[in-house]
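Step one of this worksheet: look at the structure below.
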Amino acid sequence: MKLEMEILKRRIDVAAKRTPADLVIKNGNIVNVFTREIVNRNIAIVDGYFAAIGDYEGIENVDVSGKYIVPGFIDGHVHIESAMVTPSEFANVVLPHGVTTVVADPHEIANVSGVEGIEFMINSSDDIPLDVFFMLPSCVPATPFENAGASLDLAQLEHLYANPRVIGLGEVMDYPAVFHHDEKIISQLAAASLKGKRIDGHAAGLDSDGLNVYMAAGIRTDHECVNSEEAMDRLRKGMYVMLREGSAARDLLSLLKAVNENNARRCLFVTDDKHLDDLIMEGSIDYNVRMAIKEGLDPILAIQIATLNAAECFGLKSKGAIAPGYEADFLVLDDLKSIVAERVYKNGKLVAQNGEMVCPSEPNVSPSPSIVDSVKLNSISEEHLQITIGDESTANIIGIVPNRIVTKHLIEKVDTKDGLFQTCTEKDYLKMAVIERHKNTGNIGLGILKGLGIKNGAIASTVAHDSHNIVAAGTSDSDLLKAITYISEMRGGLAVVQNGEILASLPLPIAGLMSDLTSPIIYEKLKDLNSALRNIGCTMEFNPFLTLSFLALPVIPELKLTDIGLFDVKRL
């Protein structure tokens, strides 16, 4: 208490001009996200907070004449694990893009390693130059129609709310459980509400009545809109709409059609799932802002969506604006169109300049042996991968929709031999397998896939939302088996196989989801994987690994595959 009082006194003294500021940013064009105007003033900073705006001097003075000062960007919904790096390395990737705060949902690692995995993410994001807030996973497993590595309920999670960086309950994706008063999910909703915590939604495919149910349950956000009509439905119900642009789900262009000056304050930008190579090449929330501006959205409005809106949505009262008493997280830009951060400041300290970290963040926590030893696989053979087809040779087929995480449920005739399915590259019919890898159940779900584009070979991965079993697809049982086996030997990761040879791979030993390597090394391995994907016939019009990772997610329409078998989401 005494320390806090001294900090407040010092901030007041700087504002009152009795004490010089630690840092003064001079002559900048400040983007005011409250009034949506630009003012040219000096900014006084002390102890990591903005103390005043006006005519001030500091111990250090930085002149930014002609440049623009905007608040640090906030990603309102992200799964850090999808970047395949730990939180400290994630900070090194997104901070140069101007993202100073993220709201993370660690349900990927939670599905593999339970509470221990969540605690790893929280602890490994301590004392890094990126503010990471957490939403506790609400649906582990996502549904009862698959086998994950853990099953979490309120009793296991409740103690985590004591951490000030745990601010809510993560995306509630089991709509039937909410609708039917399932005790597990209702207890979590009630606990979050009683604690004054936020609750995220996952309203894929819900109609107006379904949205009523979610809102009545206290769920206030959704990131699963795919078109402007769905966005407007949610806005009219009073929801915050998360405008998503990730790697697999690229919805922003469609959603922007619903955004206008009357409703924009209920919108925020998110990435959800974005691969490391896309973060490096495209950016994070800065990319969303650039896209919005390019599509005609007013630049200051786009910046407001990326900052103040996200902060207000999650009750981050001292974030999202350049104003006295707010945290000094901000960017220096040359202009308000290209949105390229020349400098990034976190808590008043320069952390990135010209796309590079000033002092890269280092890992501060090592994963436990149980998190690293997450792939437990029974011995399998090619016979385990055979699919029996009925006399009519028709089959239920998962149809890929490029750059979308939804699929089509197709019923088509396929080639057979001795009653067994035969892949056909001319029709793009591949074999897909989901192998349980957490508890040695021996479960193998098999299906037929159309649209992945592999001509000769197979791919496999332990990144398979949300249960993260091994998922594989390919043209032959021998290459499928080789890829699956190699993944197990690596203790998780990604692999591309052709004619029994490993063309490229990326080990992901941390829960089968994240690497312990630095982002530049991972990036090079991803480029090798992309080259190998081209060698086996993929056109790369979409990311095959990322697409494959969502084909086992049984809460996104229409047809998916789990370790139990084919799943018709519309019948859920």
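A few notes on this one:
- Hz values of 3J(HN,Hα) by residue in the range 97-103 - Karplus curve (6.51, -1.76, 1.60), Gly and Pro given as x: 8, x, 8, 10, 9, 9, 10
- Restriction of the trypsin sites (Lys or Arg not before Pro) in the range 1-51 to DSSP coil positions whose beta-carbon has at most 16 other beta-carbons within 10 angstrom yields 17, 18, 36.
- One chain, two ends: residue 55 and residue 17. Fully extended at 0.36 nm per residue, the span grows by 12.7 nm beyond their Cα-Cα distance.
- Distant-in-sequence amide H partners of residue 85 (H built 1.01 Å from N, under 5 Å): 515
- Normalised by the number of residues in the range 360-496, the mean separation of alpha-carbon contacts (under 8 Å, six or more apart) gives a relative contact order of 23 percent.
- Stretchable slack from residue 359 to residue 1, in nm (0.36 nm times residue separation minus alpha-carbon distance): 125.7 nm
- Simple Cβ-charge dipole of the chain, Lys/Arg +1 and Asp/Glu -1, about Cα centre, in debye nearest 20: 1160
- Taking amide H as placed 1.01 Å from N in the peptide plane, residue 100 has its amide H under 5 Å from the amide H of 73, each at least 5 places away in sequence or on another chain.
- Extending 7 Å from Cα along the Cβ direction at residue 35 and again at residue 295 yields two label points whose distance is 3.0 nm.
- For the range 135-178, the relative contact order is 54 percent, taking Cα pairs closer than 8 Å that sit 6 or more residues apart in sequence and dividing their mean separation by the residue count.
- Between the amide H of residue 470 and those of 435, 437, distances stay under 5 Å, these residues lying 5 or more places away or on another chain, with hydrogens modeled in the peptide plane.
- The range 77-289: relative contact order as a whole-number percent, Cα under 8 Å and 6+ apart: 20
- Volume of the Cα convex hull of the chain, divided per residue and given in Å³: 142
- Cross-link pairs beyond the 23 Å C-alpha cut-off, checked among 413/450; 274/525; 9/319; 274/427: 274/427
- Efficiency of FRET between residue 190 and residue 123 - r from beta-carbon atoms, R0 35 angstrom, step 0.05: 0.80
- Hz values of 3J(HN,Hα) by residue in the range 263-279 - Karplus curve (6.51, -1.76, 1.60), Gly and Pro given as x: 10, 4, 5, 9, 10, 8, 8, 9, 10, 6, 10, 9, 6, 4, 5, 5, 4
- Restriction of the GluC sites (Glu not before Pro) in the range 503-572 to DSSP coil positions whose beta-carbon has at most 10 other beta-carbons within 10 angstrom yields 541.
- Helix-derived mean residue ellipticity, 222 nm - over the chain, DSSP H n ≥ 4, -39500 (n - 2.57), to 500: -7500 deg cm²/dmol
- Cα centroid separation, the range 81-126 to the range 146-221: 20 Å.
- Of the residues 504, 449, 486, the one whose Cα sits farthest toward the positive end of the charge dipole of the range 449-518, with +1 on the Cβ of Lys and Arg and -1 on the Cβ of Asp and Glu, is 449.
- Restricting the GluC sites (Glu not before Pro) of the range 266-370 to loop positions (DSSP other than H, G, I, E, B) with no more than 16 neighbouring Cβ atoms within 10 Å leaves 295.
- Degrees between helix 228-237 axis and first principal axis of the chain (Cα, 0 to 90, nearest 10): 60
- Sites residue 396 and residue 263 - FRET efficiency at Förster radius 30 Å, r taken between beta-carbons, to 0.05: 0.15
- Subset of 237/431; 337/527; 184/376; 26/337; 195/294; 346/439 violating a 31 Å alpha-carbon distance limit: 237/431; 195/294; 346/439
Read-outs throughout are calculated quantities, based only on the coordinates presented, and are distinct from any laboratory measurement. Everything numeric here is computed off the predicted structure, so don't read it as measured data. Methodologically, a virtual Cβ is constructed for each residue, glycine included, from the backbone with ideal geometry; neighbour enumeration extends over all protein chains shown.
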